[in-house]
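Before any comments, here is the structure.
The values are calculated or read from the model by the stated rules, or taken from the named source; none is laboratory data. These numbers come from a predicted model, not from an experiment. Cβ sites come from the backbone with ideal geometry, for glycine too, and all protein chains shown count toward neighbours.
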Amino acid sequence: MTEAKKTPYYDKHIEAGAKIVDFAGFQMPIQYKSINSEHLRVRNSVGMFDLSHMGEFRVGGNDALDFLQKMTVNDVSTLEDNQIHYNCMCYPDGGIVDDLLVYHRGDHFLMVVNAACLEKDFEWLRQHLEGAVELENLSDQTGLLAIQGPNAENVLAKMTDYNLSEMGFYWSTEAEIAGEKVLFSRTGYTGEDGFEIYHKPEIAGKLWEAALEAGKEFEIEPIGLGARDSLRMEMKYMLYGNDIDKTTNPVEAGLSWIVKLDKGDFIGRDVIAKVKENKPDRRLVCFELQSKGIPRHGYKIFYEGEEVGHVTSGMYSPVLEKGIGLGYVPRKRSKSGREIEIEIRGKRVPAVIVKPPFYKNGSLKK
């Protein structure tokens, strides 16, 4: 076993009293005070996250666009300078390699991938290189700090002279934050307004302290991976390894909106097109428990006494104050309003399928 890496914010996590766990090869904070309170801090005001474990790849060269068009399902050619989109890579059988973000950086592209998939993704891309393409793994040279919540803009406005009100959701720019030139974007994984700041590891401490100072009047707090997970769940944002993986295709996962079949050929296109045309056998659905209980990954889903699937992600929702979850069920059983049951510790608990997202009142700017 290789020793888990430390992010450039590790010492700050220890100072803040974080409970540290091994996650995707890194020592990361799972929580500081409690998952519940940290979750509500982001929903109601603002929080800050260390996301330095994420992977960043630079894709450059004259054939970079053609390469990304082949490797991903979304249409990268539609991106303008500084624009970003959500995307994924698939295997030839339509299974998902990873979901990711693509940044158009003018003379190159930046791919931001999941920490747990970093090495696998880079190798997958490297194996398919052709033409004039430069592929570089910038992950170890990149720190990432996110500021998320209804007051995120108010906090960042104290740290930069850049006019944040002009920046739309899923756009990026280079500017000075806390006196340091960085790349930042209006993106996030919480359903709230927010920004993600990519920076040199050596300025992590400076950015952390500047964010705490700027956010003091809004009671900003550091937020751990536990609340990051519950925040994304309330939005039905999927987690690779739970809700999507090499055994799932984008259509059944509800990601048809990022699959651009008319852009030309890409890896997995023919299989995905067939699934879309014939409709998938199963679909990923959201459900809410109708009585007490917390659904967990792997719990069985029943419909009229028959086992029809299993929970891919499940937890207690701090905002809805009930158990919520995601899971794949047969398409004919996937309609909103349908009653199902979740087996929790040998007992079947009633649940109902609902339309996503669970939480509908986020401050996210579109």
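What pairs come out if I take residues in region 116-133 that are within 17 Å of Phe67 (Cα to Cα) and pair them with residues that are of a type in the set (Phe, Trp, Tyr) and buried (at least 16 other Cβ atoms within 10 Å of the Cβ) whose C-beta lies under 8 Å away, six or more apart or interchain? Note: pairs meeting the criteria are Asp121/Phe57; Phe122/Phe57; Leu125/Phe57; His128/Phe67; Leu129/Phe67; Glu130/Phe67; Gly131/Phe67; Val133/Phe67. Residues in region 277-301 that are over 19 Å from Pro356 (Cα atoms), surrounded by 17 or more Cβ atoms within 10 Å (Cβ to Cβ) and out of contact with any Gly (no Cβ under 6 Å at 6 or more places or on another chain): Tyr299 alone.
Condition check ((1) among the β-branched types (Val, Ile, Thr); (2) surrounded by fewer than 19 Cβ atoms within 10 Å (Cβ to Cβ); (3) out of contact with any helix residue (DSSP H, G or I) (no Cβ under 8 Å at 6 or more places or on another chain); (4) at pLDDT below 95) across all residues:
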position: Ser172; (1), (2), (3), (4): no, no, yes, no
position: Tyr198; (1), (2), (3), (4): no, no, yes, no
position: Ile203; (1), (2), (3), (4): yes, no, yes, no
position: Lys206; (1), (2), (3), (4): no, yes, yes, no
position: Leu212; (1), (2), (3), (4): no, yes, yes, no
position: Ile223; (1), (2), (3), (4): yes, no, no, no
position: Ser230; (1), (2), (3), (4): no, no, no, no
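The set of residues from region 241-256 being within 14 Å of the chain's Cα centre (by Cα) and crowded, with 21+ Cβ neighbours inside 10 Å comprises Asp243, Ile244, Leu255. With the structure loaded, tell me whether Val21 is assigned by TED's automatic domain parsing to the domain that holds Leu225 and surrounded by 20 or more Cβ atoms within 10 Å (Cβ to Cβ) or whether it fails that test. No, not satisfied. Report yes if some residue within region 330-337 is surrounded by 15 or more Cβ atoms within 10 Å (Cβ to Cβ), in a loop (DSSP other than H, G, I, E, B) and either out of contact with any His (no Cβ under 9 Å at 6 or more places or on another chain) or of a type in the set (Val, Ile, Thr) (or both); otherwise report no. Yes, region 330-337 contains at least one residue that is surrounded by 15 or more Cβ atoms within 10 Å (Cβ to Cβ), in a loop (DSSP other than H, G, I, E, B) and either out of contact with any His (no Cβ under 9 Å at 6 or more places or on another chain) or of a type in the set (Val, Ile, Thr) (or both). Set side by side, the residues Gly325, Gly309 differ, and just one is outside any helix (DSSP H, G or I), of a type outside the set (Asp, Glu), outside the structural domain of Asn44 (by TED's automatic domain parsing) and within 24 Å of Lys360 (Cβ to Cβ), which is Gly325.
The condition of being farther than 15 Å from Lys236 by Cβ, modelled with pLDDT under 95 and of a type in the set (Ser, Thr, Tyr) holds for only one of Ser363, Ser291, that being Ser363. Which one is farthest from the chain's Cα centre (by Cα) among residues in region 103-159 that are of a type in the set (Lys, Arg) and not in a helix (DSSP H, G or I)? So the residue we want is Lys158.
Entry remark, region 202-226: residues being over 13 Å from Ser37 (Cα atoms) and not hydrophobic (A, V, I, L, M, F, W, C) number 8 in total.
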